[in-house]
1. In a loop (DSSP other than H, G, I, E, B), open to solvent by 40 Å² or more (accessible area, probe 1.4 Å), under 26 Å from A:GLY10 (Cβ atoms) and without any contact (Cβ under 8 Å) to a residue 24 or more places away in the chain: does that describe A:ASP122?
2. Name the strands (runs of 3 or more DSSP E) wholly inside region A:656-737 in which the number of residues that are more than 16 Å from ligand 2 (Cβ to nearest atom) and aromatic (Phe, Trp, Tyr) is 1 or more.
3. Say we look at region B:46-55 and pick out the residues that are touching a residue at least 24 places away in the same chain (Cβ under 8 Å) and either touching a Cys at 6+ places or on another chain (Cβ under 9 Å) or open to solvent by less than 10 Å² (accessible area, probe 1.4 Å) (or both); which of these is nearest to the other protein chains (Cβ to nearest Cβ)?
4. Report yes if A:SER470 is open to solvent by 10 Å² or more (accessible area, probe 1.4 Å), more than 13 Å from ligand 4 (Cβ to nearest atom) and of a type in the set (Gly, Ala, Ser), otherwise no.
5. Looking at A:ASP318, A:ASP272, A:ASP335, which one is away from ligand 4 (no atom under 16 Å from the Cβ), surrounded by 15 or more Cβ atoms within 10 Å (Cβ to Cβ) and within 27 Å of A:SER429 (Cβ to Cβ)?
6. Return the residues of region A:15-58 that are within 16 Å of ligand 2 (Cβ to nearest atom) and either within 14 Å of chain B (Cβ to nearest Cβ) or on the phi > 0 side of the Ramachandran plot (or both); say none if nothing qualifies.
7. For residues that are surrounded by 15 or more Cβ atoms within 10 Å (Cβ to Cβ) and more than 20 Å from the chain's Cα centre (by Cα), scanning just region A:432-461, find the one that is nearest to ligand 2 (Cβ to nearest atom).
8. Return the residue satisfying two criteria in turn: it lies in region A:488-507 and is within 12 Å of another protein chain (Cβ to nearest Cβ) and outside any loop (DSSP other than H, G, I, E, B), and of such residues it is nearest to the chain's Cα centre (by Cα).
Amino acid sequence: MAKQQLLLIGHGMVGQRYLESLVAQGGREHFDITVLCAEPLPAYDRVGLTSYFTGKTADDLSLVPEGFFAEHDITLKLNTKADVIDRVARTVTTNTGETLGYDKLVLATGSYPFVPPIPGNDRDNCFVYRTIDDLDAIIAASKDGKVGTVVGGGLLGLEAAKALHDLGLQTHVVEFAPRLMAVQVDDFGGGLLKDKIQELGVTVHTSTGTKDIVDGESCKHRMNFGEDQYLETDVIVFSAGIRPQDELARACELEIGERGGIVVNNHCVTSDDSIYAIGEVALWEGRIFGLVAPGYQMAEIAAEHLMGKCEQQFTGADMSTKLKLMGVDVASIGDAHGNTPGSRSTVFMDQTAGIYKKAVISECGKKLLGAVLVGDANDYGNLLQLCLNEMDLPGDPAALVAPVSDGAPLLGADALPDTAQICSCNNVSKGDLCAAIDGGAMTVGDLKSCTKASATCGGCSALVKQVLDSELEKRGVEVNNHLCEHFPYSRQEIYHLVRVGQITTFDELLEKHGSGEGCDICKPTAASVFASCWNDYVLNKPHAGLQDTNDYFLGNLQRDGTYSVVPRVAGGEITPDKLIVLGEVAKKYDLYTKITGGQRVDLFGARVEQLPDIWRTLVDAGFETGHAYGKSLRTVKSCVGSTWCRYGVKDSVGTAIQVEERYKGLRSPHKIKMAVSGCTRECAEAQSKDVGVIATEKGWNLYVCGNGGMRPRHADLFASDLTDEELIKTIDRFLMFYIKTADRLQRTSVWLENLEGGLDYLKQVILEDSLGIGAELEAEMAHVIDTYQCEWKTTIEDDEAVKRFKHFVNDDSADDNLKYVRERGQRRPAFEHERIELVEEA
Amino acid sequence: MNSSVAVQWKAVCKLDDVLPGTGVGVRLPGRQAALFRTRDGSLYALDNRDPFSQANVLSRGILGSLGDKRVVASPIYKQHFDLETGQCLEDEEVSLTVYPVQVEGDVIKLAIPA
Ligand SMILES: Cc1cc2nc3c(=O)[nH]c(=O)nc-3n(C[C@H](O)[C@H](O)[C@H](O)COP(=O)(O)OP(=O)(O)OC[C@H]3O[C@@H](n4cnc5c(N)ncnc54)[C@H](O)[C@@H]3O)c2cc1C
Ligand code: SF4
Ligand code: SF4
Ligand code: FES
């Protein structure tokens with residue numbers, strides 16, 4: 001049977017989900033698929049659009065797995081807009097003049113921002129906030145403006161205001177209604193939100209309508225409000241609601257709702273059986289769903305229906321939302337306005353702390369119908385579950401809005417039924433999580449990668465963690481992070497025991513807190529903790545047997561038992577004279593020489609007994625150990641920055657050297673890599689490092705918890721526009737907090753993913769000092785820095801220590817088993833088969 | 001030990017040459033051994049060659065215990081070897097030669113086949 005033609009118009013979030021669902025069901029066997037995408041980019045994460053301002057790139061936001069279109073042989077036409085649908089001929093004509101036939105047509109055209117009909121709304125520098133193109137235009141315009149104004153104080157308007165604020169504009173929000181976020185929150189919540197947002201430096205004008213926009217005096221525009229009231233501004237962003245993009249459907253006379261939207265049934269089929277509509281353009285029972293989760297649900301249902309499966313039906317969706325607007329948590333659940341007859345509300349409000357919570361309770365007093373949370377939305381997940389699952393309230397309704405929400409669950413994750421939807425963005429139920437846990441998922445990170453739970457807005461992550469913990473416990477998996485059989489403690493607990501008990505040796509630690517004789521897991525961990533806490537010379541006798549061979553011989557063990565030598569080249573800056581010394585040493589000992597990714601030189605093939613001599617030469621020439629062998633700070637990579645680069649805005653090399661000199665030798669749960677770029681072109685790739693620093697005209701932007709390697713992770717923007725002092729202080733605290741709390745061999749990326757509360761929590765601890773430990777962390781770091789010593793310098797000055805660098809205790813000769821071959825002009829250890837040949841030749 | 005095999009005791013070093021909790025390499029005729037001194041002072045000797053990497057490095061492994069066995073962990077790929085028997089804990093087909101150790105005065109001696 002010949003394949004049918006399937007045409008998808010609109011490649012947004014929902015369109016992409018539709019394609020994924022269709023190919024997963026084998027849709028390619030029955031359909032040739034063509035996709036028309038009006039935007040220049042394939043589908044991207046519109047929900048995360050605002051993060052484009054805080055460092056995410058268009059690539060990061062992309063929703064399309066690499067190679068998706070090629071792999072499934074789907075034709076994607078970018079920059080191509082459908083202009084006309086001919087339902088009789090079953091064709092679609094595009095703006096590029098092409099006419100495409102279809103057997104089935106899917107409309108996923110989303111919506112467009114509504115721009116109020118204010119005279120002057122089409123002036124230059126008036127924008128909307130919907131696409132990456134829009135954001136690029138806003139960024140360009142804000143470069144030479146001072147003041148920015150958002151028209152509309154709804155959810156998106158406040159996001160846009162945050163973006164303008166971040167772009168350095170003096171920001172205003174003009175809202176026609178008497179309160180912000182009129183749809184989601186009530187008057188009190190709205191009032192409190194207004195106060196909080198004003199505190200952050202954004203001016204809010206509620207109950208304000210704009211009459212017209214004309215030329216300004218001090219700025220580009222003047223917005224006239226009424227009687228002599230006006231506001232001057234350079235940039236205007238309209239965010240006054242969205243309207244379904246249903247123009248195409250209107251023109252071909254599909255059934256349209258009174259206020260727009262393509263009418264669909266429970267399978268997302270329109271008034272024409274061959275045409276589906278999904279996402280924000282679809283109107284179901286008179287309702288439009290302006291959130292991504294219902295759109296995803298429609299995508300799945302429409303794809304199944306196309307494949308002849310009709311069980312699943314769209315039955316409406318929950319419109320509860322939780323978000324962080326300019327650092328303020330705001331959430332709205334179910335019937336937030338108490339519109340249900342007979343419902344009653346219980347309210348808690350603390351104006352000083354800026355917290356407002358309201359719960360709407362049913363007439364019988366047993367069920368939660370809705371809620372509004374402003375300033376503290378920790379209970380969102382729990383309240384949402386109570387509401388969605390129509391569960392009986394666990395106790396006094398007032399407890400629902402009790403002032404202290406210490407995160408202690410109102411109801412255990414246990415109490416939830418398997419059908420409870422935990423992650424609404426990705427439609428993951430508690431049952432789905434349980435299945436993944438049965439399949440071996442042990443961490444939040446595992447659950448995220450196999451179910452997508454918490455991968456979109458992150459609002460559900462606390463609840464996902466609760467389900468995980470309770471399910472693991474139920475399965476008898478002792479949620480056990482014990483280091484090894486000798487210590488019933490996690491690395492974090494050991495760290496604490498060592499510090500509090502002032503423990504300085506492994507014997508003492510084992511005697512007080514452990515059992516057995518220790519092993520290759522706990523010994524190096526203890527050594528690292530001692531070094532982080534007390535910074536003793538690692539080769540001091542009591543520590544000698546604890547070290548991994550790398551630390552014991554202060555080199556990286558290679559596959560033939562020899563070591564590599566890596567002197568520190570801070571920031572990658574090196575004088576020609578020092579470079580010559582490296583070359584001479586390499587030549588003298590015939591060391592294989594390679595430039596590392598961390599901008600220094602690695603010399604391979606040094607035998608243990610050669611190490612002290614090699615290092616003596618290096619130390620005499622002014623080199624220090626590079627700690628390439630340790631779980632410690634490796635390198636601070638830098639671009640050349642303002643030293644030479646014509647784009648450099650700051651001295652990235654200088655800062656990299658300063659940072660590397662500061663943290664060199666710092667022992668940590670795993671290796672730490674850093675980088676500093678001299679401008680936002682980011683040539684040092686700082687966003688793939690544990691700590692990344694990028695210069696901007698206003699100061700340093702600090703990124704944390706990035707990773708290359710096996711599991712790459714893009715770093716998160718942690719703080720912006722820092723001064724030199726702020727930068728150092730923040731890194732001090734960040735690193736010390738990581739060292740204190742991470743598990744063994746946990747890089748910062750995985751540490752963050754498993755940190756309860758995630759990035760927001762980390763920011764609170766480090767930037768706002770919410771735990772009150774900031775000064776302590778800085779003091780501990782200061783101790784480590786003050787007691788720094790170059791381990792190689794100490795070693796070569798200590799005859800006792802040098803004695804240990806021998807292959808044989810009873811003979812000064814070298815290991816006679818080493819065999820080499822020459823390749824590309826240098827030597828490398830022979831492989832097994834080459835060894836045999838070498839022996840035969842001999 | 002099978003008493004019919006003639007052994008020869010070879011002095012290799014002083015007791016003080018091996019720090020408690022560490023090991024050293026020993027050159028024997030035609031082979032290399034790894035000599036270990038545990039934290040309580042007991043001495044053990046095994047082949048120095050790591051059968052998984054063919055590198056002579058076991059003397060540089062970390063000592064410890066797993067359950068009731070005393071072990072050394074290979075510094076290359078981290079397999080554990082029983083200090084008493086030479087048996088590899090991860091792979092029952094792999095085991096190392098064990099060399100008896102004796103202390104006379106402050107001198108450590110290993111037994112090798114005569
Ligand atoms: C800044 C912002 C923040 C948001 N935050 C959230 C949030 O926190 N939570 C949440 O649930 N939702 C949020 N949303 C809403 C969410 O993005 C939408 O619900 C979702 O994108 C809808 O998906 P869609 O595929 O229906 O439409 P879209 O993603 O808009 O995709 C429609 C695509 O179709 C294209 N198109 C239109 N007409 C044609 C044509 N004739 N021919 C070809 N192509 C065409 C459009 O150019 C567009 O690319 C946010 C939206 C924005 C703008
Ligand atoms: S990041 Fe900027 S300053 Fe550094 S090399 Fe690249 S362009 Fe130059
Ligand atoms: S990528 Fe693999 S082979 Fe290359 S250095 Fe790292 S561990 Fe070794
Ligand atoms: S609810 Fe948004 S990611 Fe789970």
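The values are calculated or read from the model by the stated rules, or taken from the named source; none is laboratory data. The structure displayed is predicted, hence computed values, not measured ones. So basically every Cβ, Gly included, is an ideal-geometry build from the backbone, and we count neighbours across all protein chains shown. For accessibility, only protein heavy atoms count, side chains too; no ligands or nucleic acids. Shrake-Rupley method; radii C 1.70, N 1.55, O 1.52, S 1.80 Å.
1. yes
2. Values: elements: A:672-677, A:691-696, A:699-704, A:716-722.
The strands (runs of 3 or more DSSP E) meeting that bar are A:716-722.
3. It comes out as B:ASP50.
4. Yes: the conditions hold for A:SER470.
5. Unique residue meeting the criteria: A:ASP335.
6. A:GLY55, the sole residue that qualifies.
7. Checking each candidate, the answer is A:ALA441.
8. Filtering region A:488-507 for residues that are within 12 Å of another protein chain (Cβ to nearest Cβ) and outside any loop (DSSP other than H, G, I, E, B), the one nearest to the chain's Cα centre (by Cα) comes out as A:PHE506.
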